[in-house]
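Working notes, structure below.
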Amino acid sequence: MRLSDVIVLSVILSIFSTVYAGEISVLKKMDNRIEELREKTDSLSFISESFYKTCEGRGFSSLEEWKTVCQRLWQLESIEWKYVRPFDIRSDGNGLNLMCGTWRGCDGVKEIYCRIRS
């Protein structure tokens, strides 16, 4: 091999290695962002679905247990639930109540509502 071939090959390899390193860094950032979004989506799905199930009498045994488990599992700053107001009171005395679940985490404040039979 001649010296000029070695120099050309070295220049080409250095250019490709720089481009390759840049692409690896972009892929790593994208992978971190995807993982962050997956965690947010998983927490939102778990907390909201378990709230619905607990209000319907399935899932956790009580909303206090739901609150404790969710706060520990997803490292939430706060999580609360409350009755909002009577909703759709019927003449036979049976009706629907509106429940509100609220939580605060690293991605902001979220609320969910569920109607339950009284």
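The values are calculated or read from the model by the stated rules, or taken from the named source; none is laboratory data. Remember, predicted model here, so these are calculated numbers, not experimental data. All Cβ positions, glycine included, derive from the backbone under ideal geometry; neighbour counts span all protein chains shown. Surface accessibility is based on the protein's heavy atoms, side chains included, excluding ligands, DNA and RNA. Shrake-Rupley method; radii C 1.70, N 1.55, O 1.52, S 1.80 Å.
Figures for the structure shown
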| item | result |
| --- | --- |
| Qualifying residue in segment 10-33 (condition: hydroxyl-bearing (S, T, Y), open to solvent by less than 70 Å² (accessible area, probe 1.4 Å) and in contact with a helix residue (DSSP H, G or I) (Cβ under 8 Å, 6 or more places away or on another chain)) | no |
| Filter pass, T102 being in a helix (DSSP H, G or I) and open to solvent by less than 50 Å² (accessible area, probe 1.4 Å) | no |
| Yes/no for I47 being open to solvent by less than 40 Å² (accessible area, probe 1.4 Å) and β-branched (V, I, T) | yes |
| Which listed residue, of T68, T41, T54, is under 14 Å from K110 (Cβ atoms) and either without any contact (Cβ under 8 Å) to a residue 24 or more places away in the chain or touching a helix residue (DSSP H, G or I) at 6+ places or on another chain (Cβ under 7 Å) (or both) | T41 |
| Count of segment 71-83 residues which are touching a residue at least 12 places away in the same chain (Cβ under 8 Å) and either in contact with a Pro (Cβ under 7 Å, 6 or more places away or on another chain) or surrounded by fewer than 16 Cβ atoms within 10 Å (Cβ to Cβ) (or both) | 7 |
